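K.L.:
Sharing a structure with you now.
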Amino acid sequence: MATPTDSPNPPFIIPERSLDRDCTTLSRHVLQQLQSFSPDAQDLSALMGRIALAGKLIARRLSCAGIVDGVLGFAGSENVQGEAVKKMDVYANEVFISVFKQSGLVCRLASEEMDEPYYIPENCPIGRYTLVYDPIDGSGNIDANLNVGSIFAIRQQEGEDTTGEAKDLLQNGHKQIAAGYILYGASTILVYTIGQGVHAFTLDPSLGEFILWQENLQIPKHGSVYSVNEGNFWQWDDAMRDYIRYVHRHEGYTGRYSGALVSDFHRILLQGGVFLYPGTTKQPEGKLRLLYESAPLAFLVEQAGGHASTGTQAVNDVVPNKLHQRTPLIIGSVEDVALVESFIHDRQQRDPSDPS
Ligand code: AFP
């Protein structure tokens, strides 16, 4: 019988699940990245291990939507953003607190769902790191069983936060030492960087482990996808409308928008293109929050060879003046982000008084 290699087009042979690959867990991968077992390296490995545990707990809960109470529907309160809080927002926020509270790794957790940072109680071991996170990004998708995500970044505490205002968090994105997201979709994917490339893991439910899927992801220089909520068209400035008219009139562009930043960003990271959430007349600074949505993804995309801009400056250069600061976001392939920025620049040339 001819072996597969004899035929002109050998059938796709699914690679054996190597034992070594199954053992490349997230924590081990971090140590491999750092090529070190120093205390700092061990801390970072442990931090990422905690993130993975939070992701597993949230994924497990989401998989029971509709058959377990506390997954679908609203919690009946509003968060600091003035947004109606979903039950999963509350649960996921508490998961991150529970997972890190006794870890001895962090001193604070700052979340989209909490007005002020959560300080680790004095009867718990206190660490020198801060976790900033959006526990459930895209919670509007939960009740429709569509993709949602968690976004996170890790920063080191600087100085003594004696006032409890966490002012040392109000620094630009270059202060992030790790960042990433978890995408709860057909499979649960964790993507992270510690400044040495972007790496993706898939949760193997049979193992209960995130297993290495791809290393050193690089975003294409250009892609066909533009991802934006065109329902806001008439609330945008002229530059954004010029860009949208351009992609409508030119071949080779396709619109994709899921309502969950993580989901739309993941597609663009793999296939190229651009995601936009510009400022609007109602929200001139845009909707997305800098510290725990835009900056972590900006760190990732820059590590993957892409770019993230507010339209006038790099997202990771922005110094926030408050914990929940919002910024406009244009993120993705360098060529596609540059094209959007060119429309902003053209408008500014034509009308220097135009703030866009
Ligand atoms: P929710 O978490 O309230 O669903 O908001 C999701 C999000 O912050 C981000 O994930 C989406 O890209 C964006 O908002 C969608 O906002 P619009 O519904 O205004 O397009």
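K.L.:
Holding the Cα-Cα limit at 28 Å, pick out from Lys56/Lys221; Lys56/Lys322; Lys87/Lys221; Lys167/Lys287; Lys221/Lys322 the pairs that are longer than that.
P.N.:
Check vs 28 Å cut-off fails for Lys56/Lys221; Lys56/Lys322; Lys87/Lys221; Lys221/Lys322.
K.L.:
Can you pull the percent of region 225-350's accessible area that's carbon plus sulfur, 1.4 Å probe, other chains left in place?
P.N.:
Accessible surface attributable to carbon and sulfur in region 225-350 totals 45 percent.
K.L.:
From the phi of every residue in region 143-155, what ³J(HN,Hα) in whole Hz does the Karplus formula 6.51 cos²θ - 1.76 cosθ + 1.60 yield, where θ is phi - 60° and glycine or proline is x?
P.N.:
Residue by residue, region 143-155 yields 5, 9, 6, 9, 4, 9, x, 10, 10, 9, 8, 10, 10 Hz.
K.L.:
Let me ask another. Given the peptides 115-123, 207-215, 274-282, arrange them by the average over their residues of other C-beta atoms within 10 Å, most packed first.
P.N.:
Result, highest mean Cβ count within 10 Å first: 274-282, 207-215, 115-123.
K.L.:
So if R0 is 35 Å, what FRET efficiency would Asn216 and Gln42 give, r being the distance between their Cβ atoms, rounded to the nearest 0.05?
P.N.:
Between Asn216 and Gln42 the formula returns 0.90.
K.L.:
Still on this structure, I have one more. Quick check: from the Cα gyration tensor, does region 74-139 come out rounded (a/c under 1.5), prolate or oblate?
P.N.:
It is prolate, given that a/c is not under 1.5 and a/b is the larger ratio.
K.L.:
So, for the chain, what is the accessible surface per residue at a probe of 1.4 Å, expressed in square angstrom?
P.N.:
45
K.L.:
A further question on this structure: Using only the C-alpha atoms of region 50-97, find the volume of their convex hull and express it per residue in Å³.
P.N.:
Once divided by residue count, the hull of region 50-97 is 70 Å³.
K.L.:
log10 I(q)/I(0), Debye, Cα-only the chain, no solvent, q = 0.09, 0.11 Å⁻¹?
P.N.:
The calculated log intensity ratios at q = 0.09, 0.11 Å⁻¹ are -0.51, -0.75.
K.L.:
Something else now. So for each of 132-138, 28-34 I average, over its residues, the number of other beta carbons within 10 Å; can you give me the resulting order with the highest mean first?
P.N.:
For the peptides 132-138, 28-34, the packing ranking is 132-138, 28-34.
K.L.:
Turning to a different aspect of this structure: Net charge near Ala166, counting Lys/Arg +1 and Asp/Glu -1 over other residues with Cβ under 15 Å of its Cβ?
P.N.:
Once all neighbours under 15 Å are counted, the net charge is -1.
K.L.:
Taking each pair of different alpha-carbon atoms in region 225-350 once, compute 1/r for the pair, average those values, and report the inverse of that mean as the Kirkwood hydrodynamic radius in Å to one decimal.
P.N.:
Mean inverse Cα-Cα distance, inverted, gives 14.4 Å.
K.L.:
Taking amide H positions as placed in the peptide plane 1.01 Å from N, state which residues far from Phe210 in sequence (5 or more) or on other chains have amide H under 5 Å from it.
P.N.:
Under 5 Å from the amide H of Phe210 lie the amide H atoms of Leu26, Asp204, each far enough along the sequence or on another chain.
K.L.:
HN-Hα J couplings of region 200-211 from phi, Karplus 6.51/-1.76/1.60, θ = phi - 60°, integer Hz, Gly and Pro as x?
P.N.:
With coefficients 6.51, -1.76 and 1.60, one gets 10, 10, 10, 6, 9, x, 6, 9, x, 10, 7, 10 Hz.
K.L.:
What 222 nm value per residue comes from the helices of the chain, counting each DSSP H run with n ≥ 4 as -39,500 (n - 2.57) and dividing by all residues, nearest 500 deg cm²/dmol?
P.N.:
My calculation for the chain gives -9000 deg cm²/dmol from helical runs alone.
K.L.:
Determine, from the Cβ-Cβ distance of Gln283 and Arg128 and an R0 of 51 Å, the FRET efficiency 1/(1 + (r/R0)^6), rounded to the nearest 0.05.
P.N.:
E between Gln283 and Arg128, to the nearest 0.05, is 0.90.
K.L.:
Considering only DSSP beta bridges with both partners in region 100-211, what is the antiparallel share in %, to the nearest 5?
P.N.:
Of those bridges, close to 85 percent are antiparallel.
K.L.:
What's the ranking of 48-56, 255-263, 72-80 by average number of surrounding C-beta atoms within 10 Å, highest first?
P.N.:
Put in order of decreasing packing, that is 48-56, 255-263, 72-80.
The values are calculated or read from the model by the stated rules, or taken from the named source; none is laboratory data. These figures come from a predicted structure and were not determined experimentally. We place every Cβ from the backbone using ideal geometry, glycine too, and count neighbours over all the protein chains shown. For accessibility, only protein heavy atoms count, side chains too; no ligands or nucleic acids. Shrake-Rupley method; radii C 1.70, N 1.55, O 1.52, S 1.80 Å.
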